[in-house]
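Note sheet for the following structure.
The values are calculated or read from the model by the stated rules, or taken from the named source; none is laboratory data. Since the model is a prediction, treat every value here as computed from it, not as a measurement. Neighbour counts run over all protein chains shown; Cβ positions are idealised from the backbone, glycine included. These accessible areas exclude ligands, DNA and RNA; they are computed on the full protein's heavy atoms, side chains included. Shrake-Rupley method; radii C 1.70, N 1.55, O 1.52, S 1.80 Å.
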Amino acid sequence: MLIAQAEYLAERIPNVKIFVTYFTSQLDGVFHHLKSKYPANITVERMGQFCFKNIRSRNSNEDRDEYFQACLESLKDKKELQEKYDYIFVDEGQDFRPSIGAMVELLAKVKDFKSKNIAVAFDDFQALSNKDKVDTTQTFKGKQRGRVKKLDISYRTPKEIALKAERLIDEKIDSFRSVPKAFNQHKLEEGEKISDYIIQVVNRIKKSDSYNIDFRDIAIIYPHHSYLHTKAEKEVNDIFPLQIYKTKSSKIISKDKNSIKFFSSTYCKGLDFKVVFLIMFDEIPEEGHEAINKKPQEHLYVSLTRTLEYVFVIYRKPTPLLNVILD
């Protein structure tokens with residue numbers, strides 16, 4: 001929706017200046033074509049990149065919240081950057097700190113915030129990295145013109161999967177697309193490999209005339225936890241072609257490359273695929289210090305809702321977390 005609106009404005013308003021921004025690098029591939037298609041009108045940049053290039057560099061030891069607060073204070077003195085853009089579109093707004101929300105206000109034209117053209121897309125249930133409870137409406141309070149509109153139709157996730165995701169998170173959607181047999185589960189037998197089952201399903205899909213699915217339409221997602229990264233990679237090393245996305249500095253995930261995508265629940269946000277395999281959500285370690293232990297429901301919610309058509313949950317043993325969607 002943000003992309004369509006940005007293209008609409010760029011093609012109809014001479015000399016319009018639009019800033020499309022977001023927080024995490026996995027969305028680089030989603031928006032990259034905008035800056036090449038409309039170089040004079042649209043700037044596409046993560047807020048971290050924008051701050052580093054235009055406001056101040058960041059010390060590697062500097063706390064992220066402190067850094068963005070310092071950028072906000074510096075931006076207040078940089079008159080040449082203030083009121084620079086006619087329109088600002090923010091995606092994944094739940095990942096924005098209040099200090100970044102305040103910077104967005106300064107970058108938008110017109111001093112009266114009620115006249116600013118700022119649009120923020122967000123889902124607070126997908127805030128995986130913030131330590132405290134997220135309230136994106138509060139982050140941008142006083143900075144939006146018009147109203148907050150909650151979508152009550154799921155245009156992406158099929159009904160059967162969305163209903164299961166709602167059991168994990170208190171999320172209510174009134175209308176869904178319906179896809180027969182959208183949710184699938186497979187309990188591995190003793191000695192059975194995850195990769196063998198995935199290859200079997202992929203081959204069946206590729207051979208069927210009923211599906212119009214390439215390798216680029218398929219993703220494999222596992223829980224984001226240091227204990228599981230190496231283990232998950234070993235589980236899928238027989239699968240080809242496979243594009244592995246390990247860190248935010250990895251190559252941009254792009255559907256231009258006809259390969260199955262493999263990444264953790266943290267790095268799949270903002271992306272969607274026709275077929276998603278969820279693996280190893282029954283292997284999340286016991287309570288510990290990492291974020292996944294605090295928010296396992298959110299990670300599974302995000303992973304489930306990446307699909308346009310089908311989800312395959314693969315597990316060796318039921319767990320309280322998985323039972324929410326398996327029962």
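Some observations on this one:
- In region 10-47, the residues that are aromatic (Phe, Trp, Tyr) and either under 22 Å from the mean Cα position of the chain (by Cα) or within 20 Å of GLY93 (Cβ to Cβ) (or both): PHE19, TYR22, PHE23, PHE31
- Of all residues making up region 254-296, the number that are modelled with pLDDT of 90 or more and either basic (Lys, Arg) or open to solvent by 40 Å² or more (accessible area, probe 1.4 Å) (or both): 4
- Strands (runs of 3 or more DSSP E) contained in region 1-98 and holding at least 1 residues in contact (Cβ under 8 Å) with a residue 60 or more places away in the chain and in contact with a helix residue (DSSP H, G or I) (Cβ under 7 Å, 6 or more places away or on another chain): 18-22, 87-90
- Some residue of region 43-55 being under 30 Å from TYR155 (Cβ atoms) and among the β-branched types (Val, Ile, Thr): yes
- Test: residue in region 80-100 that is surrounded by fewer than 15 Cβ atoms within 10 Å (Cβ to Cβ), among the basic types (Lys, Arg) and more than 22 Å from the chain's Cα centre (by Cα): no
- Only one of the listed residues (ASP77, ASP63) is more than 25 Å from the chain's Cα centre (by Cα), over 30 Å from LEU168 (Cα atoms) and open to solvent by 40 Å² or more (accessible area, probe 1.4 Å). That residue is ASP77.
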